[in-house]
1. Mind listing whichever residues of region 58-74 are surrounded by 14 or more Cβ atoms within 10 Å (Cβ to Cβ) and either outside the structural domain of Leu134 (by TED's automatic domain parsing) or in contact (Cβ under 8 Å) with a residue 12 or more places away in the chain (or both)?
2. Could you tell me how many of the residues in region 232-260 are touching a helix residue (DSSP H, G or I) at 6+ places or on another chain (Cβ under 6 Å) and assigned to a strand (DSSP E or B)?
3. Just for region 170-184: of the residues that are at pLDDT 90 or above and of a type in the set (A, V, I, L, M), which one is surrounded by the fewest Cβ atoms within 10 Å (Cβ to Cβ)?
4. Please list, ordered by first then second residue, the pairs with beta carbon atoms under 9 Å, 6 or more apart or interchain, first in region 89-107 and closer than 19 Å to Leu134 by Cα, second among the aromatic types (Phe, Trp, Tyr).
5. Output the number of residues of region 178-205 satisfying the condition of being touching a Ser or Thr at 6+ places or on another chain (Cβ under 6 Å) and β-branched (Val, Ile, Thr).
6. Search region 243-263 for residues being aliphatic (A, V, I, L, M) and modelled with pLDDT under 95, and hand back the single one that is farthest from Arg187 (Cα to Cα).
7. Just one of the numbered conditions (1) modelled with pLDDT of 95 or more; (2) among the hydroxyl-bearing types (Ser, Thr, Tyr); (3) over 23 Å from Arg167 (Cα atoms) is not true of Ser217; which one?
8. Identify, from the list Ser52, Ser36, Ser87, the residue that is in a helix (DSSP H, G or I), in the same structural domain as Ile112 (by TED's automatic domain parsing) and touching a helix residue (DSSP H, G or I) at 6+ places or on another chain (Cβ under 8 Å).
Amino acid sequence: MNTPINQPKGKIENNSTDDIFCKIQALDTGISNHESWIAQVHQSLICQHGHSNPDDLCEDAHCRCKFGQWLSSSDTAALMDYESFHSVVEKHQLMHALARQILQKSERKQSINEDEYRNFTSHAIAFKLEVRNLQYTLMSQVCVIDHLTGAWNRYAMNAKLLEEKERLLRLGHSSAICMMDIDHFKRINDKHGHTVGDVVLKTVVGFCRDSLRKYDSIYRYGGEEFLFCLPDADQDEAHSIIERLCISLREYPIPTANGESLSITASFGIACMLDEDPIEDTIRSADHALLYAKTQGRNRVCCWEDGLSTFT
């Protein structure tokens, strides 16, 4: 799994926070089903020799239980990128295979030795712990996600920028940040209402995510302001990336619930990370460049260079 400060496509950004909570709840249900299944297996071993659940004796037993059915459903498609999810799948299958072995011996009235039983129970515990690990992974991401837009929040932003600054100092690469402000956003709220305003924010974030490089990241800085982290980009490359985004955004119609579409623009300010400057100073420089873009008529990209905002 990628750490929360990165922004991989096809992961949490393409799911609302509610979707993530639904998956966390589904894992809770899965653990409850798992514990009921464990109790049933022990009952078969201790009290009902020769009366095991037929499903548990099948080669595909891991697909027949409730948790296995959920694992193979479309509901888990968004979890495929998580390493812990694949570990859950593997441990679940192995646990069922070990259960099948001892249940088959029980069916044949054969004794089950201590090592066989301990092996099964240890894998059953390991499976449950891995499910909990996946839950904690999901919960940790929810904690650093802006609920409305799906962008990372300022806590995640600070962690990412610190990491990027350390990487820059270690490897000597160029990196840039960009501040974006949606132009005249208050007018959208005043004219169309806050519900439409929320749709605009969510749509713009999704559009920017799809337009940027896969290793760039987006953070909600506040209100309608967002910060982009652009690793390995000097000023010229950062400007080229953001200029394309600026042009394509103003040509992108944003659909609303009433069937209409809105055309919006945004202003952008770029600043490069410098070895000698604290991150806060780089953010401040990008913010000054953004302000200059807005004073020059908005819907444009400006860069901060040598203490001056330059229109480019």
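The values are calculated or read from the model by the stated rules, or taken from the named source; none is laboratory data. Remember, it's a predicted structure, so these values are computed and weren't measured experimentally. All Cβ positions, glycine included, derive from the backbone under ideal geometry; neighbour counts span all protein chains shown.
1. Ala61, His62, Cys65, Lys66, Phe67, Gly68, Trp70, Leu71
2. 1
3. The residue in question is Ile182.
4. Partner pairs satisfying both residue conditions: Lys91/Phe127; His92/Phe67; His92/Phe127; Leu94/Phe127; Met95/Phe120; Met95/Phe127.
5. So the count comes out to 2.
6. Once the filter is applied, the top-ranked residue is Ala257.
7. For Ser217, the exception is condition (3).
8. Ser87
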